[in-house]
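Working notes, beginning with the structure itself.
The values are calculated or read from the model by the stated rules, or taken from the named source; none is laboratory data. From a predicted model like this one, the values you see are computed outputs, not experimental measurements. Cβ atoms come from the backbone with ideal geometry, glycine included; neighbour counts cover every protein chain shown. Just the protein is used for accessible areas: all its heavy atoms, side chains included, with ligands, DNA and RNA removed. Shrake-Rupley method; radii C 1.70, N 1.55, O 1.52, S 1.80 Å.
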Amino acid sequence: MIILDTSATLALAHGHEALHRLADNVARTPGDWLHIPALCLMRAEESDEGVGTRLLALPGIHIDPLGQAAAVTMGGMVRDGWGGSDTCQVIYVATPHLESGGMSIILTGREADYPPGFLAIDIDSPGMLGFR
């Protein structure tokens, strides 16, 4: 599963070339999605009006909802200093669950926000997902 955090969500909405190529590829792959946690979409819209509408118009985008169990778990994560609510939802979504299977890839502009054990890739790193 590929997850975009708030910084990657904003970058996609603002035309980041590698992310747009990835979104195009994902849209052409049946059953494949770019995951955006709901709180990342909310934070992106807070900082830039219209971002949410532009992203929701893209094919291949899946918004991960904030369910009851996630809300309680993430509340504890925020309280324990894991990061803001949007970052904690990314970590929650990236954690392997029965529904999602194995290791997830977090695309971000803030690699340092994620603890060891999570695969966080900077969207501007050379060769990110094979694009230069």
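Scanning region 43-92 for residues that are acidic (Asp, Glu) and out of contact with any strand residue (DSSP E or B) (no Cβ under 8 Å at 6 or more places or on another chain), which turns out most open to solvent (accessible area, probe 1.4 Å)?
49
Given region 17-132, what helices (runs of 4 or more DSSP H) lie entirely inside it while holding 1 or more residues that are in contact with an Asp or Glu (Cβ under 7 Å, 6 or more places away or on another chain) and closer than 15 Å to residue 4 by Cβ?
Values: elements: 17-27, 38-47, 51-56, 68-79, 85-94.
Because the criterion is at least 1 residues that are in contact with an Asp or Glu (Cβ under 7 Å, 6 or more places away or on another chain) and closer than 15 Å to residue 4 by Cβ, the helices (runs of 4 or more DSSP H) in region 17-132 that meet it are 17-27, 38-47, 51-56, 85-94.
Is one or more of the residues making up region 20-42 modelled with pLDDT of 95 or more, open to solvent by 60 Å² or more (accessible area, probe 1.4 Å) and farther than 24 Å from residue 126 by Cα?
yes
Would you point out the residue of region 1-12, among those that are part of a helix (DSSP H, G or I) and either modelled with pLDDT under 95 or of a type in the set (S, T, N, Q) (or both), that is surrounded by the most Cβ atoms within 10 Å (Cβ to Cβ)? Before you say what the answer is, go through the steps one by one.
From region 1-12, those part of a helix (DSSP H, G or I) are 6-12; that's our starting set.
Still in the running and either modelled with pLDDT under 95 or of a type in the set (S, T, N, Q) (or both): 6-7, 9.
Numbers: 6: 26, 7: 21, 9: 30.
Here the answer is 9.
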